[in-house]
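Trainee: First the structure, then my questions, so here it is.
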Amino acid sequence: MKILLVTLLLLAVGYCSIGDTLPEFQTCLEHCQCTDSSWLWSCESVCNYQCQQLITNQRESIGLEMVQFYGKWPFIKVFGVQEFFSTLFSLGNFYVNYHNLFKLLRQYRRGGSGSEYQVMYSQYVILLVASCIGWIFSTVFHFRDVPLTETLDYFGAFAIVLSNLNAITVRFFQLYKHTIILRIWQASLVMLYIYHTTRLLDFWDYQYNMQMNVFVGLTAMILWIAHSLSKYREFQSHFHIYNNSIQILPYETRLLTKLNYLWISRSSLIPLIPIFNNIFLLGGLSFEMNDFAPIARLVDAHSLWHLTTIFPSIIWHDWNIWDIESLKMVDSMK
């Protein structure tokens, strides 16, 4: 999901990257003398940063709008961090997914060795491992934007998108019951990932990258919504079972405890959580699709998008656990 919205930003950039073509910026670079380079910031990058800040100060002093340099806003460094709030919120996303990983691992071990439920739990473990790696890459990229960290950010984010599509596909189509089909499906995803990353390494095509990620991301979103609606119908048809089961009570209580912060206490709304999460994420698109100059040169639309992606993950994987445990309960009564 992350890279779907990151790439959609390419459609919505409202400011041209004209800063680096300004004569005064080029003159500043020519006369810059570096005095404080480091292993993260070469003399060239230090001069680039100093000139960006100087030209931005000059433009603001005469009432001109802030412009981008090399496709990026002129952020102010904080403790050596290039994009402080994007870095901070990326770490927040990493923490939430890392915390969820241990929840899923506990459930995986309880799933029963070789059982269908353990297979399904393993899909979410894969998703969370990919998410942790992807958010580490995002953190590193926003800490210091260089070609290598940008590449890792895109590749890590695409891994999250594919892992998300894998998890919901396996759940929705019940591939956890069909070992051979599951292996073929996952092998095809691995091949797609290799093809996609290899193609980008050969020629970095932003338009192709955007199209691929939008397609994969939207497909996963549609499946999540369809699964949520299916779960809602099942909940309604087996309401007496769901409402009187001690087996899923701990998982339901965990969800309702978190929903209470939103003044929601109806258990009948639990099956619809994936829909609410996706609507919330789509709402976060407004930040990405309406880019603006960073407030105080620190907080921009992209950093706020990273902030919004933290919250769905707080409850999403608790819902996945509830979903599988309720599946166990209904299957046991058939």
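The values are calculated or read from the model by the stated rules, or taken from the named source; none is laboratory data. Everything numeric here is computed off the predicted structure, so don't read it as measured data. Here the Cβ positions follow ideal geometry from the backbone for every residue, glycine too, while neighbour counts run over all protein chains shown.
Trainee: Could you list all residues from the range 49-75 that are within 25 Å of the chain's Cα centre (by Cα) and within 22 Å of T35 (Cα to Cα)?
Mentor: The answer is P74, F75.
Trainee: Being of a type in the set (D, E, K, R), on the phi < 0 side of the Ramachandran plot and modelled with pLDDT of 95 or more is true for just one of E116, E65, E83, E60. Which residue is that?
Mentor: Result: E83 is the single residue among E116, E65, E83, E60 that is of a type in the set (D, E, K, R), on the phi < 0 side of the Ramachandran plot and modelled with pLDDT of 95 or more.
Trainee: May I pose another question? Looking only at the range 297-324, filter to residues that are more than 23 Å from R254 (Cα to Cα) and small (G, A, S); which one of those is surrounded by the fewest Cβ atoms within 10 Å (Cβ to Cβ)?
Mentor: A301
Trainee: Got a sec? Which of I275, I315 is in a helix (DSSP H, G or I), β-branched (V, I, T), free of Cβ contacts under 8 Å to residues at least 60 places away in the same chain and in contact with a helix residue (DSSP H, G or I) (Cβ under 7 Å, 6 or more places away or on another chain)?
Mentor: I275
Trainee: A further question on this structure: Restricting the range 131-163 to residues that are modelled with pLDDT of 95 or more and of a type in the set (G, A, S), which is nearest to H306 (Cα to Cα)?
Mentor: Selected residue: S138.
Trainee: Moving to a separate point now. Cβ contacts < 7 Å: first residue without any contact (Cβ under 8 Å) to a residue 12 or more places away in the chain, restricted to the range 159-186; second residue of a type in the set (F, W, Y) and part of a helix (DSSP H, G or I), any location; separation 6+ or different chain. Result?
Mentor: L175/W185
Trainee: Based on this model, can you work out whether N93 counts as crowded, with 18+ Cβ neighbours inside 10 Å, touching a helix residue (DSSP H, G or I) at 6+ places or on another chain (Cβ under 7 Å), in contact (Cβ under 8 Å) with a residue 40 or more places away in the chain and within 16 Å of I324 (Cα to Cα)?
Mentor: It is false that N93 is crowded, with 18+ Cβ neighbours inside 10 Å, touching a helix residue (DSSP H, G or I) at 6+ places or on another chain (Cβ under 7 Å), in contact (Cβ under 8 Å) with a residue 40 or more places away in the chain and within 16 Å of I324 (Cα to Cα).
Trainee: On to the next question. Working carefully through the options S45, S37, find the one that is surrounded by 13 or more Cβ atoms within 10 Å (Cβ to Cβ), at pLDDT below 85 and outside the structural domain of W224 (by TED's automatic domain parsing).
Mentor: Of S45, S37, the one residue that is surrounded by 13 or more Cβ atoms within 10 Å (Cβ to Cβ), at pLDDT below 85 and outside the structural domain of W224 (by TED's automatic domain parsing) is S37.
Yes or no, residue by residue, for (1) in a helix (DSSP H, G or I); (2) crowded, with 16+ Cβ neighbours inside 10 Å:
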position	(1), (2)
Q58	yes, no
V67	no, yes
F75	no, yes
S86	yes, yes
H99	yes, no
R106	yes, no
I126	yes, yes
W135	yes, yes
S138	yes, yes
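Trainee: Restricted to the range 282-312, and to residues that are touching a residue at least 40 places away in the same chain (Cβ under 8 Å) and among the β-branched types (V, I, T), which residue is farthest from G134 (Cα to Cα)?
Mentor: Here the answer is V299.
Trainee: Conditions first: (1) among the hydrophobic types (A, V, I, L, M, F, W, C); (2) under 18 Å from the mean Cα position of the chain (by Cα); (3) more than 27 Å from V67 (Cα to Cα). F287 passes all but one, so which condition is the exception?
Mentor: The one condition F287 does not meet is (3).
Trainee: Given (1) free of Cβ contacts under 8 Å to residues at least 60 places away in the same chain; (2) under 24 Å from the mean Cα position of the chain (by Cα), where does S115 come up short, assuming only one miss?
Mentor: (2)
Trainee: Mind checking which residues of the range 197-251 are over 20 Å from D153 (Cα atoms), under 24 Å from the mean Cα position of the chain (by Cα) and without any contact (Cβ under 8 Å) to a residue 12 or more places away in the chain?
Mentor: Within the range 197-251, just I222 meets the criteria.
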